[in-house]
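The values are calculated or read from the model by the stated rules, or taken from the named source; none is laboratory data. These figures come from a predicted structure and were not determined experimentally. Every residue, glycine as well, gets a Cβ built from its backbone with ideal geometry; the counts of neighbours run over all protein chains shown. These accessible areas exclude ligands, DNA and RNA; they are computed on the full protein's heavy atoms, side chains included. Shrake-Rupley method; radii C 1.70, N 1.55, O 1.52, S 1.80 Å.
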Amino acid sequence: MSLLHVFGFGLKVGHLLWILCCWIASMISMNWFINGEFKNPKAGLLGDSGSKMWFKCWDEISNFSFKIHHQYYQYIGSKKVCKSLWRKLLFPWVIGWTLASVWIFYYMSSHATEKSKETLASMCEERARMLQDQFNVSMNHIQAMSILISTFHHGKTPSAIDQGTFARYTEQTDFERPLTSGVAYAVRVLHSEREQFERQQGWTIKRMDTLETSPIQEEYAPVIFAQDIVSHVVSLDMLSGKEDRENVLRARRSGKGVLTAPFRLLKTNRLGVILTFAVYKRDLPSNATPNERIEATDGYLGGVFDIESLVEKLLQQLSSEQTTLVNVFDTSNQSCPVSMYGSNSSNDGLEHVSHLNFGDPFRKHEMRCRFKQKPPLPWVAITTSIGILVIALLVGHIFHATVNRIAKVEDDCHKMMELTKQAEAADIAKSQFLATVSHEIRTPMNGVLGMLDMLMDTDLDVTQLDYVRTAQASGKALVALINEVLDQAKIESGKLELEEVQFDLRAILDDVLSLFSGKSQDKGVELAVYISDRVPKMLIGDPGRFRQIITNLMGNSIKFTERGHILVTVHLVEEVIDSIEVETESSSKDTLSGFPVADRRQSWKGFRTFGQEEPVHPFSDSINLIVSVEDTGLGIPLDDQSRVFTPFMQVGPSIARTHGGTGIGLSISKCLVGLMKGEIGFVSIPKVGSTFTFTAVFSSGSSSSKVHKSQQINSQSNTVSSEFHGMRALVLDPRPVRAKVSRYHIQRLGIHVEIVSDWKQALSIINRGNNAIHMVLIEQEVWDRDLSCSGLFINKLEKIGHGTPPKVFLLCNSINSSRGNTTTGACDLTIISKPLRASMLAASLQRAMGIGNKGNPRNGELPSLSLRNLLLGRKILIVDDNNVNLKVAAGALKKYGADVVSATRGIEAIELLTPPHQFDACFMDIQMPEMDGFEATGRIRDVEQNINNRVQFGGLPVDAYNNVSNWHVPILAMTADVIQATHEQCQQSGMDGYVSKPFEAEQLYLEVSRFFQ
Amino acid sequence: MDLVQLQRQLVDYKTSLYNEGFLDEQFTQLQELQDENNPDFVVEVVSLFFEDSERLLNELTKALEQQSVDFKRVDAHVHQLKGSSSSIGAQRVQKVCIAFRNYCEEQNIEGCVKCLQQVRHEYSLVKTKLESMFQLQQQILSAGGSIPM
């Protein structure tokens, strides 16, 4: 059981943890999906696939967990499977979560990179666009200037512009071209026109590089106007510079603004580019061929762009220099881009490239942006993934620890169970050992006792006889002790079951009284039983066990009581509860013998029954008895009172030596009381006495409709009682309790009782005369106190005129003490020795009053004689396969006057005993061929049961069965082997008892007397 | 012969039977069961015992001569013999029967055969003893005396 609990608990804990983990995992992952999807719709692909993966994973995990559970439940019996399963699970768990955290790290850091890339791109694009815009603005202006020149220089004759005008104009409009550092205009001069041109201008055309007069060329492009800043270029031939020449040629061919590759500017030594526009003589269509354009060319307008300062200015405007590094390249030549701006520090970090369009299709430019600093480490990703990993590892650890713990607990549990099993086995072994040893002792003891019996029959002298008696008494004590030990073993192994038969409680107590009467008389201890009138006559329960309890308690009391009394009282629990409140009489003096006793109410103080509001159900037929055994003995020392019900525990080791006994009786009694659904308790005052009280639940015998194995009860007192019915008796006793006991016993005979406490009262009642008193019972104590008074009383009685004088009886405690009293002989006085019992009382009264003359065989007569009374005229069937045995048994029973029929086989017995029949009893051998005694009995009982049922339900006429509606012939087992035929075995097969072969008068009488009255 | 002497002889003989363990207390009880209503009870029972025992001994001899001995049957027979011998108080027969049954349980053929011989021996002993005792009793009765208990 406990293993299962532990298992269940472990399972629950495991499950809980598992759910917790899953919950944490799902929370984290879900958060990420949501965040990811909200913040980053572009990363949808990754996010989608990620979430899909997650859901798949989740499904897998839940499937797996389900499987695990399934398996767990399936293999709940095999711990090892679970254990290894958990271990197997732990490894993938750790690996899986490590992978997951790595993945999460990558996922998050890529997210961050992506984001910074975007930022960079947008920044870069922004800058590029601005640069481009500003460049275009400048370029447009230069273009506009080219139109100005074409209009006012070439279109007018003479020219409206000279160097001074141009310089001034350009200077004043310089703000419109923030990116240019200077503008110049060169005209196209053919060689044929050179001389005229030079003359006209007043200077010669010079080469750009050497600043010397240009050699003869096919055509020239000398600068004629220039802004002041670049006025040094006036008169230089643009076609002589390699870059410029190319530029010029390209510009006039394309008719668009053309850029040079970046180069060092002459004056500032900074990087710059020159934008060149061609100025045409006339307006050309947009689809004009290059040759046409060359033909129409008038001159060339050039602007110098200082890229470096330009970009710097731009960046300053955006004030983002500190975060980004910007490089501008001319990538017209793909293989080696020319840097136009920016430091050339190589950085392998993030870079974004934006293309720049400056309107020159031949030239390509691009802007490259980088972050100045290296991107920071993705701390969020790192901490998150590490956090997850830590959580997962922790959960794994918890799992591991839990599994280990469970395994440990299981192991412990197993160990415990092993130990329990061992302990139980040891206990069983002990009980078996006890039982076996007891049996083994009983067998030879029977031999010993038998031999002693025989020895006593031989011719022995007085000393020898005494020895033999002692030996026999010891042997009997030993057998009794062994029986007790057997009982204890049986109770401990739970094999003891109570009978359910009808019995007369009063008869049982009478029996017990007679059992102890000898001892009590020897000791001079007064013994009395009082049973409340409200206790029903017939009860259903286990009389044997009830008797055992009473015998135990009384035996103890007798053992430890040297003076005073022992009083057994039986009440209904309800009575006692009712009286608890009202009982005020002081019990210290008013006791049976006058000695103080322990207050018996203390003994049931702890009973549950009294604690309940509604202690008994008034309408159920269960009878709650409360029985007290009160003595005026030694009492139990206070220190030992707690151990009273412990088996083999006696008050001090010396007790066993002085008083004998095993100390097992009370323990057995307690168990038996428990079986009867009752409680037992006691109160004891050292030197004053002890009172043991127990309750027991029986059912009422009369109201029961159930079929009980009814035990036929000694109804002697009943038959006798009719003889005394209607008589009146006077009890002279000053002590109320004792008087109550006497009245109880006398009333049982149907006699009306009056109690008086002294002589005068007694006489006055007798003299009243209206109700004749038939008998006067005087306590010995009263009689002895004043012998003259008593003598006077007797005399007065005899002088009473009307009717016959009442018979006078003396109730005395022990025969010995009354023997010395000579006065009794003087008058017509009958001594009734206590303890009072209905049967004995009846016999004494009969003898004295001469009513009837039925002997009372039960007291003081030989068993064989009473056996003869019992068996006379009874029809008895004997079944035994052995002819000799049969003959002997039949002879024995015939001798006691029985009418014997013999049968040799079980089958015959069944036939003979099938109702209706005339048999009063059957003795059956157990060991027979074909059908043994148990089986035969079982069959007979079946047949009887069948017929009883049919008779009861009207299936069969009752008169066909001798008007007996409840057939149950007493069957006694005969066996040579007393051990083999235990009482239970006989009962199981429906037998009523057993007698040993060969017959022994005493045992036969004991068994037979249970059935025949 | 003198009646008193006969009676004493009977008592001595009986005592010797008890002392030598041929009979036990059960036989005494058997004698107690005999009364006026049933004057020949003991003789009847004892002759029944003789008949029964002879039959059983024959059965036993047959059973033990078989190729395969049916020990159950043998045991049942011995049980019968034991029962009847204990019923009349033939103590020594009963004791051998107990040993016999033990051998049966062990299925020891040799032991059984040995026991059978012993039982036969004890049986014939007790038979002669009892028969001579009855003879003595008869003599006493025919001499007009009563049998002393």
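Scan segment B:9-23 residue by residue and report those that are away from chain A (no Cβ under 13 Å), without any contact (Cβ under 8 Å) to a residue 12 or more places away in the chain and farther than 27 Å from B:HIS79 by Cα.
B:ASP12, B:SER16
What's the total number of residues in segment A:606-641 that are more than 14 Å from A:PRO686 (Cα to Cα), at pLDDT 80 or above and open to solvent by 70 Å² or more (accessible area, probe 1.4 Å)?
Selection size over segment A:606-641: 0.
Quick one: A:LYS415 ticks every box in (1) part of a helix (DSSP H, G or I); (2) at pLDDT below 90 except a single one, so which number is it?
It is condition (2) that A:LYS415 fails.
Per-residue answers, yes or no, for (1) within 14 Å of another protein chain (Cβ to nearest Cβ); (2) of a type in the set (Gly, Ala, Ser); (3) open to solvent by 60 Å² or more (accessible area, probe 1.4 Å):
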| site | (1), (2), (3) |
| --- | --- |
| A:ALA898 | yes, yes, no |
| A:ALA909 | no, yes, no |
| A:GLN927 | yes, no, yes |
| A:GLU930 | yes, no, yes |
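Only residues that are open to solvent by 30 Å² or more (accessible area, probe 1.4 Å) and either modelled with pLDDT of 75 or more or within 29 Å of A:THR569 (Cβ to Cβ) (or both): list them for segment A:492-505, please.
Hits for segment A:492-505 are A:GLU497, A:LEU498, A:GLU499, A:GLU500, A:GLN502.
Looking at segment A:117-140 only, could you name the residues that are of a type outside the set (A, V, I, L, M, F, W, C) and open to solvent by 30 Å² or more (accessible area, probe 1.4 Å)?
A:LYS117, A:GLU118, A:THR119, A:SER122, A:GLU125, A:GLU126, A:ARG129, A:GLN132, A:ASP133, A:GLN134, A:ASN136, A:ASN140
Here are B:GLN26, B:GLN5: which of them is under 30 Å from B:LEU136 (Cβ atoms), within 13 Å of chain A (Cβ to nearest Cβ) and part of a helix (DSSP H, G or I)?
Details: B:GLN5 fails: within 13 Å of chain A (Cβ to nearest Cβ).
B:GLN26 is the lone residue from the list that is under 30 Å from B:LEU136 (Cβ atoms), within 13 Å of chain A (Cβ to nearest Cβ) and part of a helix (DSSP H, G or I).
Is there a residue being at pLDDT below 75, acidic (Asp, Glu) and outside any helix (DSSP H, G or I) anywhere in segment A:767-780?
Scanning segment A:767-780 turns up no residue that is at pLDDT below 75, acidic (Asp, Glu) and outside any helix (DSSP H, G or I).
For segment A:273-287, which residues satisfy the criterion of being at pLDDT 80 or above and open to solvent by less than 50 Å² (accessible area, probe 1.4 Å)?
Matches in segment A:273-287: A:VAL273, A:ILE274, A:LEU275, A:THR276, A:PHE277, A:ALA278, A:VAL279, A:TYR280.
Would you please name the residue that is modelled with the highest pLDDT, looking only at residues in segment A:962-995 that are open to solvent by 20 Å² or more (accessible area, probe 1.4 Å) and within 14 Å of chain B (Cβ to nearest Cβ)?
It comes out as A:ALA976.
Whether any residue in segment A:186-196 is more than 60 Å from the chain's Cα centre (by Cα), open to solvent by 70 Å² or more (accessible area, probe 1.4 Å) and at pLDDT below 80 is what I want to check.
The answer is no; no qualifying residue exists.
Is it the case that A:ASP209 is of a type in the set (Asp, Glu) and loosely packed, with under 15 Cβ neighbours inside 10 Å?
So A:ASP209 fits the description; yes.
Could you please find all residues in segment A:403-414 being out of contact with any helix residue (DSSP H, G or I) (no Cβ under 6 Å at 6 or more places or on another chain) and under 28 Å from A:SER101 (Cβ atoms)?
Listed by number, the residues that qualify are A:ASN404, A:ARG405.
Of A:ARG547, A:ARG563, which residue is in a helix (DSSP H, G or I), at pLDDT 80 or above and surrounded by fewer than 22 Cβ atoms within 10 Å (Cβ to Cβ)?
Checking each option against the conditions leaves just A:ARG547.
Would you mind listing the helices (runs of 4 or more DSSP H) fully within segment B:30-149 where at least 3 residues are closer than 22 Å to A:SER996 by Cα and within 14 Å of another protein chain (Cβ to nearest Cβ)? Show your work before the answer.
Details: elements: B:41-65, B:71-88, B:91-106, B:109-142.
The helices (runs of 4 or more DSSP H) meeting that bar are B:41-65, B:71-88, B:91-106.
What number of residues within segment A:241-256 are modelled with pLDDT of 80 or more and under 13 Å from A:ILE274 (Cβ atoms)?
6
Is there a residue in segment B:67-89 that is farther than 24 Å from B:ALA143 by Cβ, in contact with a strand residue (DSSP E or B) (Cβ under 7 Å, 6 or more places away or on another chain) and surrounded by 20 or more Cβ atoms within 10 Å (Cβ to Cβ)?
yes
How many residues are of a type in the set (Val, Ile, Thr) and within 15 Å of B:ASP24 (Cα to Cα) if we restrict to segment A:437-462?
Number satisfying all stated conditions: 2.
Kindly indicate whether A:ILE294 is in a strand (DSSP E or B) and at pLDDT 75 or above. Working first, answer last.
Working: in a strand (DSSP E or B): no; at pLDDT 75 or above: yes.
Against the criterion (in a strand (DSSP E or B) and at pLDDT 75 or above), A:ILE294 does not qualify.
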